[in-house]
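The values are calculated or read from the model by the stated rules, or taken from the named source; none is laboratory data. From a predicted model like this one, the values you see are computed outputs, not experimental measurements. In this analysis, Cβ positions are derived from the backbone assuming ideal geometry, glycine residues included, and neighbour counts consider all displayed protein chains.
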Amino acid sequence: MFLSRAIPLALALLSASTALAQGVPSATSEPRAVEVDVHTTDAGQALSAEDALRLGLSPDAGDTALVPPSLTADAPAAWPEGLEGTPGEVELELLVDVEGRVAEAKVTRAAAEPRLTDAALAAAPSLRFTPATLGGTPVAVRLPFVYRFTPPVQVPAADTRLTGEVRARGTRRPLPDAALFVDGALQPAATTDAQGLFTVDVSPGSHTLEVRAPGHATTTFTETLTQGQTLQVIYRLQPREVNPYETVVRDERPRTEVTRISLHEQELREVPGTLGDPFRVVMLMPGVGSLASGISYPVVRGSQPAATGFFLDGVRIPMLYHLLLGPAVVHPDFIDTVDFYPGTPPVQYGRVLGGAVEGRLSRPREDRMHFTAYADLLNAGGFIEQPFESTGTSVSLAGRFSYSALLISLAANALQNSEAERLRAGFWDYQARVEQKVGKGRLRLFALGSSDDVGISPELRAEADGAGVVSRFHRIDLRGTHPVADGEGEVGITLGWDGLGLTGERTRDTGGGLFRESVGEYGLRQASIAARAGWRRTLTSSLDLAVGADVEHRRSATTLTGTARPPGWRPTDATDPLKQPSALATFSGAYASATWKPSGTWVVTPGLRVDAYHLVPGMTFTAVEPRLSVRHTLTDTLTLKGGAGLYHQPPTVLVHVPAVDTASLRYGLQSGAQFDVGAEWKAFEGLELSADAYFNPLSRAVEFDLMDAVENRRRRGGLGEDPATRRRGAAHAEAVGCAPHRGQQRPGPHRGLPARAPGTSRAGDRRHAGAARRRRFDDSPAAHRPGAPAVGHVRRRAALAAEGHGVPMDAEPVRAGGLRRAPGAAARRQHGLVVVLSAGR
């Protein structure tokens with residue numbers, strides 16, 4: 001028996017175009033043969049740039065790629081008489097001409113039996129190949145060819161079988177065309193298919209398998225099989241080189257904003273205290289505080305929590321965290337990057353008065369299916385991603401359910417008797433994505449939703465009351481991206497639904513016993529449809545342009561069932577639009593920005609945003625928001641930065657509440673400015689220090705008066721001391737010797753209740769964040785005396801920050817329904833200093 005096998009590794013190129021190769025223009029020059037080496041790359045076989053120039057070829061024109069010949073007609077070498085079954089191997093070097101014929105055969109390694117070598121040389125001229133081509137032109141090449149004389153393999157009669165797959169170690173990528181040799185045989189017993197799968201029939205007993213694959217280290221495995229056994233295995237081979245022609249460059253996205261913190265990969269999932277949740281890292285950032293210890297609702301630079309916008313690839317969502325305590329509403333495997341703008345956000349972020357947080361979705365992986373699943377003491381969840389290579393489609397699904405609240409409820413209820421109030425809490429979320437390649441662009445359908453439910457069931461006594469809160473939202477977003485006019489275009493449309501329900505329960509005595517029943521629900525519902533479009537283009541090496549527009553239509557309504565009433569309800573409030581909000585509104589906006597680099601040390605980014613807020617019937621507010629950021633590199637290690645802009649937002653309560661945010665637009669817009677200056681210093685490799693000083697005056701602020709709800713409950717005996725009689729303020733400082741700030745004063749009957757003015761900081765190594773906290777509360781009489789400065793708690797970290805805000809004493813608020821409205825040219829201001837210490841490689 002015999003076997004002939006070609007090894008597809010071209011060693012030399014024979015060119016008959018010597019005039020072109022030598023650069024000789026004369027047509028009478030004698031042609032000479034020029035041989036050049038061919039190199040193997042990931043993309044195939046090609047000439048070096050130097051050899052290409054010798055042959056008059058352009059390395060950049062795609063003419064240097066060599067398509068090697070392939071065997072079309074085999075020419076078996078027969079065993080010489082008397083040597084049948086004698087094993088041997090003859091290595092030849094063949095010269096294949098431009099017609100695919102063997103023009104020359106040389107022996108590079110002879111067989112032990114000379115007559116086997118003669119038989120191989122006699123058979124080689126009958127081989128036929130497809131001609132090799134260089135830039136589409138047939139060329140002659142030299143290549144090695146091996147004749148193997150191998151005795152026939154005896155196929156075992158038993159049904160003992162070894163099956164499995166071969167993968168690359170590290171990436172787990174299937175390896176096609178890997179050869180498996182059993183017990184030292186020269187002939188491979190099997191070759192893996194395109195999915196890396198193989199099947200080998202063997203005899204019972206112990207066998208040694210040698211697995212070979214191009215570009216990977218040859219590895220030997222030993223398997224023992226019994227009679228009739230089918231053994232499934234997975235073999236992993238170590239790559240010799242991980243793409244030696246690939247260079248990976250990692251760098252931060254070019255900075256054009258004054259303050260932007262971008263977090264990637266390990267920074268999002270491996271920071272201590274975040275439990276692997278990307279958005280929890282935001283709570284550790286400089287300038288971020290919380291409503292109370294443990295509450296995961298960011299207070300950015302002392303502004304109202306609802307003044308910070310939360311976005312997911314351009315889609316605005318009402319909240320980031322479950323129950324204001326739990327994990328984020330998006331599965332971590334969906335998040336690739338988090339961009340945090342504590343101040344002066346760029347023009348694409350509209351209808352916000354403070355900062356912005358945007359999570360960017362990860363690109364689907366296209367090599368194979370990926371999935372993760374976990375369950376711990378807090379929650380359980382899963383993520384699965386399946387690409388379909390034939391259609392260019394990728395499908396991803398994720399969901400989580402937390403039973404930590406259930407465990408807390410069971411623990412709390414176990415400590416009480418069966419007739420006591422019962423705590424309930426729970427949440428869930430889901431995400432789904434379908435992404436499709438469309439030419440040079442991509443089309444993506446993304447859906448997500450979240451639900452939170454917390455409440456207290458009433459005691460088992462007559463007329464006892466209980467209550468609960470249910471908060472849910474859903475988003476469905478269709479987004480397309482495609483190159484347009486030498487730039488990148490994006491369009492999207494989003495459907496949204498937000499709901500908040502306050503439920504009531506009561507214990508009823510029917511004469512035959514006590515039972516709990518629902519007495520009604522006060523629900524706020526808001527449906528929306530939004531569309532957006534954007535386009536970016538690099539006009540010159542020093543000028544980039546970005547334009548875009550968006551429009552959002554909202555329909556909000558209130559539902560009352562049973563005996564439900566709004567919080568703080570009085571009989572005279574029947575017509576109060578903020579107690580029973582129902583509104584129809586359309587928000588639209590357009591923006592443009594340019595990034596100009598007049599020199600290598602300056603980056604100037606001017607921008608303009610125009611928004612129109614229309615509330616039916618016939619109320620329209622227009623906001624023009626110019627914004628500017630400038631960066632100047634003084635040295636290789638020191639950069640100065642500054643920015644300013646105008647910002648507007650509809651009136652809001654402390655946190656996002658559907659329907660109320662829309663109905664309150666009848667009281668006008670909140671408006672303010674943001675000013676930010678700072679510097680960045682790279683002390684040495686791995687350590688960067690950033691300092692920002694900001695001043696944010698609010699020219700018009702509109703607030704809800706929460707005392708209505710407090711007074712309503714006091715009349716029912718639900719409160720003890722009136723909190724309006726206590727002086728409560730807060731000033732946060734993280735600089736030694738930082739002076740306390742004066743809290744906001746509310747003129748009128750509740751002068752002693754200033755609004756909280758949080759100033760915060762977060763710092764530490766961005767890769768190894770975490771620090772101890774220390775709090776000190778001042779309960780001295782002076783601290784509660786109306787008009788006295790309020791000293792709050794102190795937090796100390798590696799970073800330094802000092803923030804505060806206030807309202808001028810002459811800004812007399814005007815009651816408007818459920819609002820206190822504070823007009824004036826400087827109704828409120830935030831100011832502070834933030835110093836960020838960042839370390840990492």
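Of everything in segment 260-302 that is assigned to a loop (DSSP other than H, G, I, E, B), within 20 Å of the chain's Cα centre (by Cα) and under 30 Å from residue 602 (Cα atoms), the residue that is modelled with the lowest pLDDT is 260. The residues listed here are 138, 87; of these, the one that is of a type outside the set (A, V, I, L, M), under 30 Å from residue 231 (Cβ atoms) and not assigned by TED's automatic domain parsing to the domain that holds residue 179 is 87.
In this structure, residue 510 does satisfy being over 22 Å from the mean Cα position of the chain (by Cα), assigned by TED's automatic domain parsing to the domain that holds residue 398 and without any contact (Cβ under 8 Å) to a residue 24 or more places away in the chain. Based on what the data block shows, is residue 205 at pLDDT 85 or above and within 19 Å of the chain's Cα centre (by Cα)? So residue 205 does not fit the description; no. If only residues of segment 153-172 that are of a type in the set (A, V, I, L, M) and modelled with pLDDT of 80 or more are counted, the one that is surrounded by the fewest Cβ atoms within 10 Å (Cβ to Cβ) is 168.
The residues of segment 630-687 that are of a type in the set (Lys, Arg) and over 30 Å from residue 557 (Cβ atoms), listed by number, are 631, 641, 682. Scanning segment 630-644 for residues that are polar (S, T, N, Q) and either in contact with a Lys or Arg (Cβ under 9 Å, 6 or more places away or on another chain) or under 11 Å from residue 690 (Cα atoms) (or both) gives 637, 639.
Here's the yes/no breakdown for (1) surrounded by 13 or more Cβ atoms within 10 Å (Cβ to Cβ); (2) touching a Ser or Thr at 6+ places or on another chain (Cβ under 9 Å); (3) at pLDDT 85 or above:
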residue: 368; (1), (2), (3): yes, no, no
residue: 372; (1), (2), (3): yes, no, yes
residue: 375; (1), (2), (3): no, no, yes
residue: 378; (1), (2), (3): yes, yes, no
residue: 381; (1), (2), (3): yes, yes, yes
residue: 385; (1), (2), (3): yes, yes, yes
residue: 389; (1), (2), (3): no, no, no
residue: 395; (1), (2), (3): yes, no, yes
residue: 402; (1), (2), (3): yes, no, no
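Screening residue 532 against (1) surrounded by fewer than 18 Cβ atoms within 10 Å (Cβ to Cβ); (2) within 41 Å of the chain's Cα centre (by Cα) leaves a single unmet condition, (1). When segment 351-366 is filtered for residues that are surrounded by 15 or more Cβ atoms within 10 Å (Cβ to Cβ) and either closer than 30 Å to residue 662 by Cα or at pLDDT below 85 (or both), the ones remaining, listed by number, are 351, 352, 353, 354, 355, 356, 357, 358, 359, 360, 361.
Residues checked against (1) part of a loop (DSSP other than H, G, I, E, B); (2) free of Cβ contacts under 8 Å to residues at least 24 places away in the same chain; (3) assigned by TED's automatic domain parsing to the domain that holds residue 655; (4) closer than 21 Å to residue 495 by Cα:
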residue	(1), (2), (3), (4)
311	no, no, no, yes
323	no, no, no, no
330	yes, no, no, yes
340	no, no, no, no
344	yes, no, no, no
350	yes, no, no, yes
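Kindly establish whether residue 667 is closer than 16 Å to residue 346 by Cα and of a type in the set (Ser, Thr, Tyr).
In short, no.
For residue 282, the stated conditions do not hold, so it cannot be described as farther than 21 Å from residue 432 by Cα, touching an Asp or Glu at 6+ places or on another chain (Cβ under 9 Å) and β-branched (Val, Ile, Thr).
Would you call residue 145 among the aromatic types (Phe, Trp, Tyr), under 21 Å from residue 222 (Cα atoms) and either in a strand (DSSP E or B) or touching a Cys at 6+ places or on another chain (Cβ under 6 Å) (or both)? Considered against the rule, which asks whether it is among the aromatic types (Phe, Trp, Tyr), under 21 Å from residue 222 (Cα atoms) and either in a strand (DSSP E or B) or touching a Cys at 6+ places or on another chain (Cβ under 6 Å) (or both), residue 145 comes out as no.
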